[in-house]
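Colleague: Please see the structure below; I have some questions.
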Amino acid sequence: MNLFKIAQKNMRKNLSFYSLYLFSIAFVLMIFFSLISFSMDEVIMAKISSDGRVETMSRVVSIFIMGFVLFYMSYSNTFFLRKRIKELGIYALLGFRKSSITCLLIIENIFMCLIALVIGIFLGAFLHKGIIAIIIHFLDLSIDSSSIVLINFKAVYFSSVFVLAVLFILMISNWRFLRKSSLLELIRFEKKSEKKINVKIYLSILGIIFMITGYALALDIIRGENSLWVTIGFSPMAMLTLICVVIGTVFFIYSFIPYVILKIKNKKDYFYKEINIVSIPKFVYRIRSNARTLILLTLLSAATLCLLGSTTITFYYTVKGTSRIIPAAFEFPVENPEKVDRAINIAKEMVGEKNMQYKETDIIKVTASSSKLPFEYSAEKKNSFDLICESDYKELLQLQNKKVSKTPLSDKDCILIKYMYDNKKLDKGSVYKLNVDSKENITVKVLDTTLNNPIGFANSVGTLVISDNIYEKISEFKPSLNKVMSIYGKDMRENKKLYESIYPLFKDNVKFASAFQKKNDIVYANSSTNLLIIFITLIFFIATGSILYFHNISGIFYDRDDFNILIKMGYNQNKIKKIIRKQIKILFCIPAILGTVHSMFALYCYKNLLMQDLLGQSSALILPLIVSIGIFIIVYIIYYNITKYTCYKMILDKGLSH
């Protein structure tokens, strides 16, 4: 029979089995093609990458994804090859040469990959257009979306050459596998006997010890300057923590989980139930036989969640931090009264006088001496404190809709505005001698520190709040004085037209600050990076779900005869489905739960050690973490349900149950 006809017949008969393989490869190629199209789009690159950084990142990510696509397609090919060992053995018995069997596999791979490539290019073209439309909308770029071609033929050529190269590698891989294998001996490959599993207790204990040690090292970051992460160094501590978690994961999956299941098996009241007596004996063997895959997927899930979570946390913190970087909608020095009046009048005309408020604040600059001056004192070029009177401070906080303490400051106390969060408040109680004159000094003590800065960091960093009496006393010496105008109003922080109207008045002033401009700059600077990371995480999520799918249906496929026996024994469909769900669920839960826990500790370290905490809110970590884990769980649930219903069909199909 013609090999082409055999290949077509095989694909038609196994269409349902091959459908997810085709879909997953097409999905991966869709993302790959959209990324290649994005990196080759000269119109969008000219707008968002003046320094070539985005093009470089796109190329690096493209190479990374190419490596993953090669790995994923090789893995899928190997899986289906092993699944068809018996079929290929029958071909050998019928007189087919290994060269003919290799050609049959090549033809089938060509059919599958070409169909997946066509689907991937078609869907990838629309995905590319959608991504460009989102970027144009969020960055407000002056680009006509119709100028972006639907299908970039350079990207089509590049993707096609790459898929052909992958096909060639798969052909070599299949040829080597068949050349080294005796197909007649592998006819009963799928029915290898299940060996008795010996679980070593000391490895189980070591797994728990290593994982707890890794988590403890991660949490050690809480100790701040006394932490091992500071005293020993970030790199060695990160490596040690990673090694502990990886070793702990290996022993935990390979020994601890089987050990727990064996202990459950010894509990007769629980074990001798019609569902458990069938499913529990399979758990130990399936976990041990799939240990390498589960370990790989656990670490892959953790790494993917860390990548997505760190990106989400960084972006969220940066955007959220604009409320501290620029508390008002607009801030600028009062240097030209005419420009200040014009800016205020523009705001009144555009948003209405009732919807805006403004305040001019006098800031006194003084030098100081102390046994322990804070970081903020030396943050600007000239070391100094910015003094603000208590009444101005409280009025500015009220304009920011923040709570104001009713207790007045004494003449001997002050409040230090911190740039970054300090949970131990190390500067509290410090004494500063303010040099108000060559002969006059005033001593104040830090009553408290706070993150509620009244003025944006463009105009004031080392800010001290002092009592009105002391402020007036210092003012009598006519010290260096700066005036800052702050404008507040409902929805003014998001008002692009207002920003475009006021900005020309202060475009040459480096101390002009706009909340809209700052947030827009952050989004503009991070959009391309975030997009590329989304590409990578999507690829990883697809890989994790697809590998779990293939492993589960493989296990269920080899257990078909056992399930048919259970059906003949009187197990109804609901009980069979429950057994299937139990077998599938444990393989999905292990990498999902362990990967999530690993990533949470890693992200906690990342947030506390590598990020400047401008917010001082531990709860601010929760939202981006929920978003990252939520996306991961949604993908897992989708793949779990696809796997579950595929297995139901395999076992409960009439042809298999009789």
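Colleague: When you scan segment 109-134, how many residues do you find that are farther than 11 Å from Ser34 by Cβ and touching a Leu at 6+ places or on another chain (Cβ under 7 Å)?
Modeller: 7
Colleague: Which numbered condition trips up Leu399, out of (1) at pLDDT 90 or above; (2) over 41 Å from the mean Cα position of the chain (by Cα)?
Modeller: It fails just one condition, (2).
Colleague: Could you look through segment 556-592, keep only residues that are among the β-branched types (Val, Ile, Thr) and surrounded by 14 or more Cβ atoms within 10 Å (Cβ to Cβ), and pick out the one that is nearest to the chain's Cα centre (by Cα)? I'd like the intermediate steps shown before the answer.
Modeller: First, the residues of segment 556-592 that are among the β-branched types (Val, Ile, Thr): 556, 565, 567, 576, 579-580, 584, 586, 590.
Remaining after also requiring surrounded by 14 or more Cβ atoms within 10 Å (Cβ to Cβ): 556, 567, 576, 579-580, 584, 586, 590.
Details: Ile556: 33, Ile567: 45, Ile576: 38, Ile579: 34, Ile580: 32, Ile584: 26, Ile586: 25, Ile590: 20 Å.
Going through the qualifying residues, I end up with Ile590.
Colleague: Right, something else. Of the residues in segment 108-128, how many are surrounded by 17 or more Cβ atoms within 10 Å (Cβ to Cβ) and within 26 Å of Leu532 (Cα to Cα)? Talk me through it step by step, then tell me what you get.
Modeller: At the first step, the residues of segment 108-128 found to be surrounded by 17 or more Cβ atoms within 10 Å (Cβ to Cβ) are 108-109, 111-113, 116-117, 119-121, 123-125, 127-128.
Cutting the leftovers down to within 26 Å of Leu532 (Cα to Cα) gives us 113, 116-117, 119-121, 123-125, 127-128.
Within segment 108-128, residues that are surrounded by 17 or more Cβ atoms within 10 Å (Cβ to Cβ) and within 26 Å of Leu532 (Cα to Cα) number 11.
Colleague: Now for a different question. Looking only at helices (runs of 4 or more DSSP H) that lie completely in segment 494-612, which have at least 2 residues being in contact with a Cys (Cβ under 9 Å, 6 or more places away or on another chain)?
Modeller: Values: elements: 496-506, 515-558, 560-568, 573-605.
Those helices (runs of 4 or more DSSP H) span 515-558, 573-605.
Colleague: Could you pull out the residue among Asp561, Asp521 that is under 30 Å from Thr314 (Cβ atoms) and of a type in the set (Asp, Glu)?
Modeller: Details: Asp561 fails: under 30 Å from Thr314 (Cβ atoms).
When all the criteria are applied, what remains is Asp521.
Colleague: Hey, another quick one. Pairs needed: first member in segment 227-251, closer than 14 Å to Tyr606 by Cα; second member anywhere, part of a helix (DSSP H, G or I) and of a type in the set (Lys, Arg); C-beta distance under 9 Å; at least 6 residues apart or different chains.
Modeller: Trp229/Arg223; Val230/Arg223
Colleague: Consider segment 401-419. How many of its residues are buried (at least 17 other Cβ atoms within 10 Å of the Cβ) and either of a type outside the set (A, V, I, L, M) or not assigned by TED's automatic domain parsing to the domain that holds Lys478 (or both)?
Modeller: Just the residues of segment 401-419 that are buried (at least 17 other Cβ atoms within 10 Å of the Cβ), to begin with: 409, 413-419.
Among the residues that remain, those that are also either of a type outside the set (A, V, I, L, M) or not assigned by TED's automatic domain parsing to the domain that holds Lys478 (or both) are: 413-414, 418-419.
Residues meeting the conditions: 4.
Matching residues to (1) hydroxyl-bearing (Ser, Thr, Tyr); (2) in contact with a helix residue (DSSP H, G or I) (Cβ under 6 Å, 6 or more places away or on another chain):
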| residue | (1), (2) |
| --- | --- |
| Lys424 | no, no |
| Ser430 | yes, no |
| Glu440 | no, no |
| Val444 | no, no |
| Ile455 | no, no |
| Lys478 | no, no |
| Ala513 | no, no |
| Ile522 | no, yes |
| Thr529 | yes, no |
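The values are calculated or read from the model by the stated rules, or taken from the named source; none is laboratory data. No experiment lies behind these values; they were computed from the predicted model shown. Cβ: placed from backbone, ideal geometry, glycine included. Neighbour counts: every protein chain shown.
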